1. Please go through region 65-96 and pick out each residue that is within 16 Å of Gln47 (Cα to Cα) and of a type in the set (Gly, Ala, Ser).
2. Considering only region 41-65, state which residues are farther than 12 Å from Leu154 by Cβ and either touching a helix residue (DSSP H, G or I) at 6+ places or on another chain (Cβ under 7 Å) or in contact (Cβ under 8 Å) with a residue 60 or more places away in the chain (or both).
3. Output the number of residues of region 121-145 satisfying the condition of being crowded, with 19+ Cβ neighbours inside 10 Å and touching a strand residue (DSSP E or B) at 6+ places or on another chain (Cβ under 8 Å).
4. Return yes when Pro141 is at pLDDT 90 or above and more than 17 Å from Leu62 (Cβ to Cβ) and no when it is not.
Amino acid sequence: MKATAPSLPPPPPPPSPPSSPAEAPHATIPSLLHLLDVPGGENLRLQDLVERARQKLGVSGLLVAAQDGLPLAGHVPEGLDANAWSSFGPHLFRKLHLEDPALPPGKPRRFLLAFGEDCFSFWNEQGIYLICRHALKQMTPEFERSSALLADGLARYCKQHASAA
């Protein structure tokens, strides 16, 4: 009697990509709202979402800026200039060549500047910048994960609403 190997079912097909680029951001907006504990159906402005993100992260300042350095929404601590914050991030990304489209996928689009116990974290997600002022002691793996998810979600929110306008 000849032994035969049991047959395995075929592997599942790979997930299909979105049929248009505009579909991709829609999938992450609910996850952003869930991450920020926003009840379903609540219509919030970008400023409201940024303020919720700032509170969730427990940071003293959080700003969303466009690729040209224009501030879109945020909370900047007293004594600091929102325009300076918003233009500084894109400028540094260009100087450090972190915007280069030739960078391999998955290349970090984030950097950190520390000044004693104060830090500024900068993210570039799809040409939308998130600039965050926080304490050095907040730099935990959980903070990094949460802030990266929020940067991605807020960038997708901005892109979706810009294309809808």
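1. Of everything in region 65-96, those that are within 16 Å of Gln47 (Cα to Cα) and of a type in the set (Gly, Ala, Ser) turn out to be Ala65, Ala66, Ala73, Gly74, Ala82, Ser86.
2. Within region 41-65, Gly58, Val59, Ser60, Gly61 meet the criteria.
3. Residues of region 121-145 crowded, with 19+ Cβ neighbours inside 10 Å: 121-125, 128-134.
Filter once more, so that each one left must be touching a strand residue (DSSP E or B) at 6+ places or on another chain (Cβ under 8 Å): 121-124, 128-134.
Matching residues across region 121-145 total 11.
4. Values: at pLDDT 90 or above: yes; more than 17 Å from Leu62 (Cβ to Cβ): yes.
So Pro141 fits the description; yes.
The values are calculated or read from the model by the stated rules, or taken from the named source; none is laboratory data. These numbers were taken from a predicted model, which means no experiment stands behind them. Methodologically, a virtual Cβ is constructed for each residue, glycine included, from the backbone with ideal geometry; neighbour enumeration extends over all protein chains shown.
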